[in-house]
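Just below is one structure, and these are the notes that go with it.
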Amino acid sequence: MTTVVVVGTQWGDEGKGKVTDYLASSADVVARYQGGNNAGHTIMIENKKYALTLIPSGIFSGNKTCVIGNGVVVNPQALVDEIAYVQNNGFSTEHLVISDRAHVIMPYHMLLDAWQEEQRGDTKIGTTRKGIGPAYVDKFGRSGIRMCDLVDEKNLEHTIRSVVQEKNKTFVGGYGSAPIQPEPLVEQCRAWAKILRPYVRDASVVLNDAIDNGAHVLCEGAQGVMLDVDHGTYPYVTSSNPIAGGVCTGLGIGPTRIDHVIGVAKAYTTRVGDGPFPTELNNEIAHQIRERGFEYGTVTGRPRRIGWIDTVVLRHARRVSGITGLSLNSLDVLSGLDEVRICTHYECDGVRIASYPARQEDVYACTPVYETLPGWTEDITGVRAFDQLPRTTQQYVHRVCALSHIPLAMFSVGRNREQTHLVQQLFSARPIGTHTSVG
Ligand code: IMP
């Protein structure tokens, strides 16, 4: 049995879906541990594009148990739609498990998200307006509704009425808006519950039993380390913990059960939303990378900001997540550049800064310092092994790994499953065709 965690090392959109989808073929269970439908995973299977926001991308890999953990905030309508989407594409949702402790995003959370962003004005965070932040606020404020409440037919009406009564104090008193009406919300919740109830279970029991029985478990994070509420570029962050430690709280798995942590990075950097981005480019190279890499948000369609790879960020990600191997993705997107740059450290008033500052004002005051390497012109999308990459590409990858202090575990040269390649064996070997059944 092996437990592998896949974590984003930058500001999300590093290609975790692709890496998870690839590794899922060797796993028995795939589990998502945080975030909500703010995250978008795009997976290419046999030249067909699939997009998911909540269900682990392992759902496309056959008979896997796919878990939505307690650390995820669930928009029930989005999940109901996604279940239908998976089924309509010919895949089964029979092995989907939704944690009974996962918090529910209610329609009023989305309203609050939009209002709060508008009120922030120039200091807006650039949220996806999916209600993620307000749902986590209610979770930690102990006024949230969990999946176990949503599917509790007997007490649902009472739960909704008492929460709505509280919410209306803010909505009517604070924002001067019309009160939320409990009746339609109760009806809506009943309809969601009818579809979701069969999937709701104690996910921590499912996962720990699976590990005890020798299953290979793959834990999938959303967003990336730099969007982590504790270790990211606060306040320009999401409201959960994408770092590997989020697995323990978000799935109910102890830290001693984790074997490998794969940090996923693009060969360059992207960011959507506001906030500092030291290696950002606003030139023709950025334009070229954005168009070649289709760098537009999966959830919001916003053009992503583009920059060179930043090893200050990767070292930070390695430290806070205990990353054991790097998956360096989208190397093909850099083809055709005369030279490529790697940020090694920052400088501020002549002082060398080697680790990411806590205060955003300090980040703005920093200048990134680069190492410049020769680029490559070859089309590398058909490369199937590391030693088939052009010498300059290999040199670039080696340098990124050396500066980040992370050994290479995987790389990718395109969006398809066949364009992702493993360098380091992750799941322990077992006879081909044997899979551990998960109860
Ligand atoms: P929220 O998660 O919607 O509250 O947004 C907070 C910040 O995280 C914003 O900058 C979003 O653009 C960013 N964000 C949230 N989800 C993703 C993602 O999946 N990829 C990239 N950025 C994201």
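The values are calculated or read from the model by the stated rules, or taken from the named source; none is laboratory data. All figures in this text were calculated on a predicted structure; none of them were measured in a lab. Every residue, glycine among them, receives a Cβ derived from its backbone with ideal geometry; neighbour counts consider all protein chains shown. With ligands, DNA and RNA removed, areas are computed over all heavy atoms of the protein, side chains included. Shrake-Rupley method; radii C 1.70, N 1.55, O 1.52, S 1.80 Å.
Per-structure values
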read-out: Yes/no for Ser92 being open to solvent by 20 Å² or more (accessible area, probe 1.4 Å), out of contact with any Pro (no Cβ under 9 Å at 6 or more places or on another chain) and either closer than 29 Å to Asp138 by Cα or at pLDDT 90 or above (or both); value: yes
read-out: Answer residue from region 33-56, given it is in contact with a Gly (Cβ under 6 Å, 6 or more places away or on another chain) and under 25 Å from Gly254 (Cβ atoms) and is farthest from the ligand (Cβ to nearest atom) among those; value: Tyr33
read-out: Neighbours by Cβ (under 9 Å, 6+ apart or cross-chain): first from region 204-227, free of Cβ contacts under 8 Å to residues at least 12 places away in the same chain; second part of a loop (DSSP other than H, G, I, E, B) and among the aliphatic types (A, V, I, L, M); value: Asp212/Met1
read-out: Selection from region 116-172 of residues that are of a type in the set (Phe, Trp, Tyr) and closer than 23 Å to Gln223 by Cα; value: Tyr136, Phe140
read-out: Tyr356 being of a type in the set (Phe, Trp, Tyr) and surrounded by 14 or more Cβ atoms within 10 Å (Cβ to Cβ); value: yes
read-out: Helices (runs of 4 or more DSSP H) (entirely within region 175-270) containing at least 1 residues that are buried (at least 24 other Cβ atoms within 10 Å of the Cβ) and assigned by TED's automatic domain parsing to the domain that holds Gly8; value: 203-212, 246-251
read-out: Test: residue in region 288-299 that is modelled with pLDDT under 95 and in a strand (DSSP E or B); value: yes
read-out: Listing of strands (runs of 3 or more DSSP E) fully contained in region 322-406 that carry 2 or more residues being in contact (Cβ under 8 Å) with a residue 24 or more places away in the chain; value: 325-329, 339-348, 367-374
read-out: Every residue from region 33-42 that is open to solvent by less than 10 Å² (accessible area, probe 1.4 Å) and assigned to a strand (DSSP E or B); value: Gly35
read-out: Residue under evaluation Leu227, criteria (1) touching a helix residue (DSSP H, G or I) at 6+ places or on another chain (Cβ under 8 Å); (2) within 24 Å of Ala51 (Cβ to Cβ); (3) not aromatic (Phe, Trp, Tyr), criterion not met; value: (1)
read-out: Among residues of region 271-286, those that are closer than 26 Å to Cys401 by Cα and assigned to a helix (DSSP H, G or I), counted; value: 2
read-out: Test: Glu291 is within 22 Å of Val229 (Cα to Cα), without any contact (Cβ under 8 Å) to a residue 12 or more places away in the chain and not assigned by TED's automatic domain parsing to the domain that holds Lys130; value: no
read-out: Single match in Gly336, Gly322 (criterion: farther than 27 Å from Gln419 by Cβ and either in the same structural domain as Ala39 (by TED's automatic domain parsing) or modelled with pLDDT of 95 or more (or both)); value: Gly322
read-out: Considering residues of region 11-32 that are under 20 Å from Tyr199 (Cβ atoms) and not in a loop (DSSP other than H, G, I, E, B) only, the residue farthest from the ligand (Cβ to nearest atom); value: Val29
read-out: Some residue of region 402-425 being within 16 Å of Trp308 (Cα to Cα) and open to solvent by less than 40 Å² (accessible area, probe 1.4 Å); value: yes
read-out: Positions within region 109-151 being more than 14 Å from the ligand (Cβ to nearest atom) and open to solvent by less than 10 Å² (accessible area, probe 1.4 Å), in sequence order; value: Ile145, Met147, Leu150
read-out: Leu314 modelled with pLDDT of 95 or more and touching a helix residue (DSSP H, G or I) at 6+ places or on another chain (Cβ under 7 Å); value: yes
read-out: Condition check for Ser25: more than 10 Å from the chain's Cα centre (by Cα), without any contact (Cβ under 8 Å) to a residue 60 or more places away in the chain and either assigned by TED's automatic domain parsing to the domain that holds Thr298 or more than 29 Å from Met106 (Cβ to Cβ) (or both); value: yes
read-out: Of all residues in region 43-89 being of a type in the set (D, E, K, R) and part of a strand (DSSP E or B), the one that is most open to solvent (accessible area, probe 1.4 Å); value: Lys49
